[in-house]
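S.K.: Got a structure for you, questions after.
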Amino acid sequence: MSTFYVQNFGCRATQADGAAIEQQFLDLGLQRAPDAAAAHWVILNTCAVTAQAEQDARAAIRRVRRGNESCKIVITGCYAQRAPAEVAALRGVSHIVGNSEKHALAELVLGRKCQDNSSLSGSFFPLASLQTGRAAEPSSEAVEIFVSDIFAHTRLLAAPVFDSGGARTRPNLKIQDGCSNRCSFCIIPSVRGRSRSLAYPDVLREINQLVGAGYREVVISGINLGRWGRDLAPGRQESGSTRKDQPAATDLAKLIRAILEHTSLEKLRVSSVEPMDWTDALVRLMAESPRIAKHVHVPLQSASDSILRAMRRRYRPWHYREKILNIRAAMPTAAIGADVMVGFPGESEADFDETRAMIEELPLTYLHVFTFSARPGTAAATLGNPLPAEVAGERSRILRDLGTRKKLVFMRSFIGRQLQAITLAARAEQSGGNWTEALSDNYLKVRLEGRQEANRWVEVSIGAVRNGYLSGQPVRP
Ligand code: SF4
């Protein structure tokens, strides 16, 4: 029996793609191997969001090849789409499948799909026809490359993703892919294509299946989740398998309302949404429904007007401030997270200070801090004026420290109060101590006294903050 192993790098969207790729191999009768060393086919589902992410993928190829001389190594994902010739030149690679062809990956590499299939015509590129992105020694092996124009691509590949470590309590459902924005630092639109949405009936069906399987929280996610449904609006419908049914809901707030009405899901969590897509309707809906987790994530990137303009972000610092204050007023206990980028070309000390000061001032409760990485093909890569690495590193450290302090203040504010939390499967079973790990509705890690059954919503009385956790006792009904 032929076996496969999929290793994912990068974001939740990549993990959702990886889950769908696993299903393709299973459907074709292959078995999942426990690790890369034991597999006949190793699929590395890569990320390209930073230079480091691509470096990690190259290191993984070398590692897999060292541990398994005979396996076929398939490179897919964003790095494969961005630089197929560069990847093909790496020793040990047998197949490259871009995001454009990932929906048929297993069939393609197993040779069960004709390359002259109309849906794939023109997608098989001989290596010689591709532009090499970097000087590299040619691989001695023949490499098959399946990459085509990502902007012609209308499919959305997704399967629910479960927590890592075997915990299967909070599946993540990707309902949107791609992005039609052009932030100047971002490689994602050119490797994932235009924004496209999982149709409304398909979203409901997926969630009802997860509820039927016993899940009590589902996280909906996307590359640009706030744009969900815009491509499904009347008059803008494209042909494609998920677009046959005209959806009743064509924006995220309406979709969420429909999920609440047409499923019995206990808790819906909404992942990152861009600032201007936090409409009053969406904020009000989240605030009003106890079935929606009080957790919002709003990318900031920078609070300097000139840097935001250079980033081609579609909001100004004052828009961001207003959105966060609205959200806090509507949801006083909500977790409010932000992505922040340091080291964008030309970011002065004053620009950075504006970012630091706004974060200090706003009721944000956690931060994800990134350092700018010039990506070939993006507008920002040509800007010049790079920041010295030590300056960017120091700014990153300052913001990470600030994020840690704000999170601690937020956590301490719940001592002596009650929070709702869901018990996490694997941790509850594996932890040696007499406690159970849980995640609160408002995204805080909780250690519950006693061994509790997994996948249950419990009311917790919070007693203290210890080592990054809230500790507490379940409230007896
Ligand atoms: S909104 Fe901007 S940063 Fe986010 S995926 Fe789209 S282009 Fe990239």
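Each value in this text was obtained by applying a stated rule to the coordinates, not by laboratory testing. Remember, predicted model here, so these are calculated numbers, not experimental data. Here the Cβ is made from the backbone with ideal geometry for all residues, glycine too, and neighbour counts use every protein chain on show.
S.K.: Under the 0.36 nm per residue contour assumption, what length would be gained going from the current alpha-carbon distance of Ala51 and Asn181 to full extension?
M.R.: In short, 44.7 nm is gained.
S.K.: About its Cα centre, how strong a charge dipole does the range 418-474 have in debye, to the nearest 20, once Lys and Arg get +1 and Asp and Glu get -1 at the Cβ?
M.R.: The dipole of the range 418-474 has a size of about 160 debye.
S.K.: Which listed residue (Ser302, Val211, Gln452) has the Cα farthest towards the positive end of the charge dipole for the chain, taking +1 on Lys and Arg C-beta and -1 on Asp and Glu C-beta about the Cα centre?
M.R.: Of the candidates, Gln452 comes out farthest on the positive side.
S.K.: For Thr3 paired with His319, estimate the spin-label separation in nm (one decimal), with each label point 7 Å from Cα along the Cα-to-Cβ line.
M.R.: Result: 5.1 nm between the two label points.
S.K.: Label points 7 Å out from Cα along the Cβ direction at Asn467 and Arg312: separation in nm?
M.R.: About 4.7 nm, to one decimal.
S.K.: Can you give the FRET efficiency to the nearest 0.05 for Arg417 and Leu26, using r as the Cβ-Cβ distance and R₀ = 41 Å?
M.R.: 0.35
S.K.: Provide the packing ranking of 78-86, 269-277, 415-423, i.e. peptides ordered by the mean count of other C-beta atoms within 10 Å per residue, highest first.
M.R.: 78-86, 269-277, 415-423
S.K.: Something else: On the first, second and third principal axes, largest extent first, how far apart are the outermost C-alpha atoms of the range 287-345 in Å?
M.R.: Sorted largest first, the three principal extents are 42, 18, 15 Å.
S.K.: Any chance you could run the full-extension gain for Arg451 through Ser70? It's 0.36 nm times the residue separation minus the Cα-Cα distance, nm to one decimal.
M.R.: 132.6 nm
S.K.: Could you tell me, in Å, what Rg and Dmax come out for the Cα atoms of the range 170-230?
M.R.: When restricted to Cα atoms, the range 170-230 yields Rg and Dmax of 13.4, 42 Å.
S.K.: Applying a 10 Å radius around every beta-carbon, put 334-347, 284-297 in order of their mean neighbour count, most first.
M.R.: Listed from highest to lowest mean packing, they are 334-347, 284-297.
S.K.: Contour minus end-to-end for Asp35 and Asn434, with contour as 0.36 nm per residue of separation and end-to-end as the Cα-Cα distance?
M.R.: Full extension from Asp35 to Asn434 adds 140.5 nm.
S.K.: Quick check on the chain: what does the Kirkwood estimate of hydrodynamic radius come out to from the alpha carbon pairs, in Å?
M.R.: It works out to 23.8 Å.
S.K.: While we're on this one: With both partners inside the chain, how many of the DSSP beta bridges are antiparallel, as a percent to the nearest 5?
M.R.: 35
S.K.: If you don't mind, another one. For the pair Glu261 and Ala281, how long in nm is the line joining their label points, each one 7 Å along Cα→Cβ?
M.R.: 1.2
S.K.: Please compute P(r) over all alpha-carbon pairs of the range 164-411, binned at 10 Å starting from zero, and give each bin as a whole-number percent.
M.R.: Once binned at 10 Å, the Cα pair distances of the range 164-411 give 7, 28, 33, 23, 8, 0.
S.K.: Which of Ile259, Ile21, Ile398, Ile43 has the fewest other C-beta atoms within 10 Å, and how do the rest follow up to the most?
M.R.: The order, fewest Cβ neighbours first, is Ile398, Ile259, Ile21, Ile43.
S.K.: Mind computing the radius of gyration and Dmax over the alpha-carbon atoms of the range 434-477? Å is fine for both.
M.R.: 9.4, 28
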